[in-house]
Amino acid sequence: MIEPILPGSAVGVLGSGQLGRMFAIAARRMGYRVHTFSPDSDTPTGQVSDVEITAPYEDLDAIRKFAQSVRVVTFEFENVPSAAAATAAEFAPVRPAGSVLHVAQNRIREKAFLAKAGLPVTPFRTVESAEDLARAVTEIGCPAVLKTAASGYDGKGQVRVVSVDQSEAAWISIGREPAVYEKFIAFDREVSVIAARSVDGSVADYGVVENRHANHILDVSICPARVPHPAAARAREIAHAVLEALDVVGVMCVEFFVEPDGGLYINELAPRPHNSGHFTFDASITSQFEQQLRAVCGLPLGSTELLRPAAMANLLGDLWAQREPKWAAALAHPDVKLHLYGKLNPRKGRKMGHLTALAQDAESALSMVLNARAALLA
Ligand code: AMP
């Protein structure tokens, strides 16, 4: 048996955004010390950590020193260069492993991995040349979505292709970079399953979460999702299979499209806690952040039981456009919780915080969280 990493130890986080912040809060609550590493300072994670290291991910000497000072390294941001994960792994276990990052940070590798594992991925073709593009258009057809293989998030680096004659312009618009050309799915809903897998291979998931996007950015999540039981059960089964196939130690989010007949396609993977799991901080026995800590430290996983149905609404920088949002008005709803990430500059589209509402059913939680958010501007 591998010895668990116990409270009092230092844990390291690569990345310094809100996911790391909530991880650090969970870890410090359990008596761990937290070191964070990113190119920035006074970060959401750094503000609540014991040690904040500011250096580029390419600075392997700094990575070495960081990894030597902690018992385990995890991350909250997957686009860390593979050399950083490999260097850290010489000094401390990196969980999930660099091999998981390698797959999840590139859409071509991710989709190819899922397809090879027999998991239901959106039909796609790899595009690395004009010939590939022509073949993809013939084989997949239109409408479709063309997405850059690397560093795309929140809808960046992707363009919809409605007709064949648009495909070349679409590829030019994403810089003729390696891409995936995937079938446009006329989905009924988007859902996600967040699951954790521990060092001993045990897996726990948070059930199915329903997600709504606005301008390609997650807007609202609702748990439990309003999807029929067979589709929900299948999504959870698929998520477990993904974590096992990738040998994940840590937390992973599997995002799906659900078709009107209940058919499921995996859209993408995130090898870390996810925005759609923020409600777990207030609404679940064990939050996704505490679960990440337990998983990477080799401790038993906690219960993922939902205490009450919940809904989460993101707070983007747009809310600050006129004046400071009216926090007291949102908090006048006693079952609403406010989370702010300590970011100083509320740019348009920037995730600044979120609200979570708990209620007796998901519909009520949804309307409560939307009312509370609207009250910020009233
Ligand atoms: P992604 O960055 O891949 O998560 O895509 C961002 C959003 O674009 C998704 O959450 C969907 O709302 C939409 N989208 C992406 N790919 C497709 C697709 N193949 N079919 C339909 N909608 C898509």
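Screening T36 on (1) of a type in the set (S, T, N, Q); (2) crowded, with 24+ Cβ neighbours inside 10 Å; (3) free of Cβ contacts under 8 Å to residues at least 24 places away in the same chain shows it passes everything except condition (3). Among the residues of the range 324-374, those identified as of a type in the set (K, R) and not in a helix (DSSP H, G or I) are K326, K337, K343, R347, K348, R350, K351. Of the residues making up the range 230-238, none is away from the ligand (no atom under 16 Å from the Cβ), in contact (Cβ under 8 Å) with a residue 24 or more places away in the chain and in a loop (DSSP other than H, G, I, E, B). Going through (1) closer than 26 Å to L293 by Cβ; (2) touching a Leu at 6+ places or on another chain (Cβ under 7 Å); (3) in contact (Cβ under 8 Å) with a residue 40 or more places away in the chain; (4) surrounded by fewer than 21 Cβ atoms within 10 Å (Cβ to Cβ) one by one, E76 falls short only on (4).
When I217 is tested against the conditions (1) β-branched (V, I, T); (2) away from the ligand (no atom under 15 Å from the Cβ); (3) out of contact with any Ser or Thr (no Cβ under 9 Å at 6 or more places or on another chain), the lone failure is (2).
When K337 is tested against the conditions (1) surrounded by fewer than 18 Cβ atoms within 10 Å (Cβ to Cβ); (2) closer than 19 Å to P44 by Cα, the lone failure is (1). Of A196, A241, A204, all but one fail to be away from the ligand (no atom under 15 Å from the Cβ) and outside any strand (DSSP E or B); the exception is A241. Every condition in (1) in a helix (DSSP H, G or I); (2) more than 27 Å from R234 (Cα to Cα); (3) out of contact with any helix residue (DSSP H, G or I) (no Cβ under 6 Å at 6 or more places or on another chain); (4) away from the ligand (no atom under 16 Å from the Cβ) holds for E139 except the one numbered (4).
So that you can scan it fast, the table gives a plain yes or no per residue for (1) farther than 19 Å from F256 by Cβ; (2) at pLDDT 95 or above:
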position: I108; (1), (2): yes, yes
position: G157; (1), (2): yes, no
position: V162; (1), (2): yes, no
position: F184; (1), (2): no, yes
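The values are calculated or read from the model by the stated rules, or taken from the named source; none is laboratory data. Remember, predicted model here, so these are calculated numbers, not experimental data. Note that we place each Cβ from the backbone using ideal geometry, even for glycine, and neighbour counts take in every protein chain shown.
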